[in-house]
Amino acid sequence: MTTAATVTGPITGGKHGWPFAASLQDVDRFGYIEEEYFLSGVAQRYREVGGSTGRRDGHWQAEPAGEADFRTRFIVYRPRDPARFNGTVILTWNNVTAGYDLFGAESVELFEGGYAMVYLTTQKAGIDGLPPLHQGLKQWDTERYGSLSIPSDDYSYDVFTQAARAVGPERGNTPDPLGGLDVRRVVAFGASQSAGRLATYINAIQPLTHALHGFILAIYFGRGTPLEVGEAVVNINQPAAGQTRLVGANLIRDDLGVPAFVVNSELEAIACYGVRQPDSDTFRYWESAGTCHVSQQVQHTRLRLQERDGIKGRAMPEGINRIPMGLLYDVVYHHMHCWLADGVLPPTMPKVEFSGEPAEVVRDEHGIARGGIRLPQVTVPNAVNSAIPRGDGIFALLDGSCEPFSAATMKTRYGDVTTYLTAFETAAREAVAAQVLLPRDVAGLIAEARAQWPA
């Protein structure tokens, strides 16, 4: 095992004076402290043993294959009052598909629920960016981040391990990024390509390190990423040689005694159809009908971050899916905490319906998927939201689509706005009772539904 990493901070200053991609939330309003730290040391890279990463069952083996120096950063959000801390740290593997760090430091559940959150730059692209724009940390603020370096994504798994130990129950750091909080458990969270990396971590690295107490994989396409990529960096437009894009290939091993929770939209349900696995005492798998990898609401948040931080990103595409997955993530955070802290298993939910060969999603007369978790926007719809793309290319696929009902259809279906909102609220309350929606979110969803009623 490599020597424990060194923690430095809190980090201040730089050209901008704030951490890149920091939360848009008013953290003071929630009674939280926001701080950034550097993590540096020597990281291992791994190689597979005996071709095991080709196994569908996820029972992979890895061994150390070399070491290199690294220096990266993480942002911490923690309750100012230690009495508010619930004992759970959510450690996020920042997504770098866009060529810079993306992470979800906007969750109201995490702030109001008393969690501590750690958002880690785990991969090379987060620091160095991707061509041609090169919008990584070094380019964004050389004064603040110029010393950072992760030589290859091969070292990312051990960088993640060392971060987990630096914020975990047995940490011995000075300074302490958790401010002396009584940490009981560290839960890994990763979305999209980061979920693929966590799948590899569970299957190959967790058996060696036992560093994490639980895993949440969001919008996960059903395949782990390679242990060894050398100088290559993740690029959404250039899948690995021989890889079939967005098709599941392996299971998540569930023999490690720690819970893993996969929460997917309709799009990843399609990718994962061939690698679905049953729920168990240490595994949960959820699929949500009518949703997609990206949503209009998520894009609005990203645009605000891009504007504040001066990042060039995609403009808002027209007609993309408008049922956000974020509210489901909040529910899963809650379930994972209760699972670990109190031994309360999350509910098992129905899967999206498929039929035919090759299997395709079964849809109703409007085109809305049947089965799966049914949020109120699906149960009482004002549009056909789905994972059906509006065009060609990877981004169209990730965006899905939203086809609003006409005013005539809405009137035929519901009569008037009062009847519609009454039915919508009933569906939202039923989702709360089914434990797939938190009570605090009902009012906001009703307000959004009211605003979407055709003029």
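The values are calculated or read from the model by the stated rules, or taken from the named source; none is laboratory data. Note that the structure is a prediction, hence the values are computed from the model and not measured. Quick reminder, even Gly has a Cβ in these numbers, built from the backbone with ideal geometry, and neighbours come from all protein chains shown.
Which of the residues belonging to the stretch 1-52 are in contact with a Gly (Cβ under 8 Å, 6 or more places away or on another chain) and not in a loop (DSSP other than H, G, I, E, B)?
Residues satisfying the conditions are Thr6, Ile33, Glu35, Glu36, Tyr37, Phe38, Gln44, Arg45.
Using the structure shown, decide if Thr72 is among the polar types (S, T, N, Q), over 17 Å from Trp18 (Cα atoms) and not in a loop (DSSP other than H, G, I, E, B).
In short, no.
State the number of residues belonging to the stretch 307-325 that are assigned to a helix (DSSP H, G or I) and buried (at least 18 other Cβ atoms within 10 Å of the Cβ).
Final tally of qualifying residues: 1.
Only one of (1) of a type outside the set (Asp, Glu); (2) on the phi > 0 side of the Ramachandran plot; (3) in contact (Cβ under 8 Å) with a residue 40 or more places away in the chain fails for Arg56. Which number is that?
In the conditions (1) of a type outside the set (Asp, Glu); (2) on the phi > 0 side of the Ramachandran plot; (3) in contact (Cβ under 8 Å) with a residue 40 or more places away in the chain, Arg56 misses (2) alone.
Scan (1) under 28 Å from Ala163 (Cα atoms); (2) out of contact with any strand residue (DSSP E or B) (no Cβ under 7 Å at 6 or more places or on another chain) for the single condition Leu217 breaks and write down its number.
(2)
I'd like to verify a number: residues in the stretch 312-328 that are under 21 Å from the mean Cα position of the chain (by Cα) and over 20 Å from Ser386 (Cβ atoms), how many?
Counting residues in the stretch 312-328 that are under 21 Å from the mean Cα position of the chain (by Cα) and over 20 Å from Ser386 (Cβ atoms) gives 2.
Scan the stretch 7-20 for residues that are farther than 16 Å from Gly179 by Cα and in contact with a strand residue (DSSP E or B) (Cβ under 7 Å, 6 or more places away or on another chain) and jot them down.
Pro19
Test each condition in (1) of a type in the set (Ser, Thr, Tyr); (2) without any contact (Cβ under 8 Å) to a residue 24 or more places away in the chain; (3) under 19 Å from Glu268 (Cα atoms) for Thr412 and report the one that comes out false.
(3)
In the stretch 346-363, how many residues are closer than 11 Å to Gly290 by Cα and either over 25 Å from the mean Cα position of the chain (by Cα) or surrounded by fewer than 20 Cβ atoms within 10 Å (Cβ to Cβ) (or both)?
1
Taking Ser156, is it surrounded by fewer than 22 Cβ atoms within 10 Å (Cβ to Cβ) and in contact with a strand residue (DSSP E or B) (Cβ under 9 Å, 6 or more places away or on another chain)?
no
Out of curiosity, is Val344 of a type in the set (Val, Ile, Thr), at pLDDT 95 or above and part of a loop (DSSP other than H, G, I, E, B)?
Criteria met by Val344.
Condition first: touching a Leu at 6+ places or on another chain (Cβ under 7 Å), under 18 Å from Met117 (Cβ atoms) and not acidic (Asp, Glu). Can you find one or more residues in the stretch 195-210 that meet it?
The answer is yes; a qualifying residue exists.
Given the condition touching a His at 6+ places or on another chain (Cβ under 8 Å) and crowded, with 20+ Cβ neighbours inside 10 Å, answer yes or no: does some residue in the stretch 119-130 qualify?
Checking the stretch 119-130: at least one residue is touching a His at 6+ places or on another chain (Cβ under 8 Å) and crowded, with 20+ Cβ neighbours inside 10 Å.
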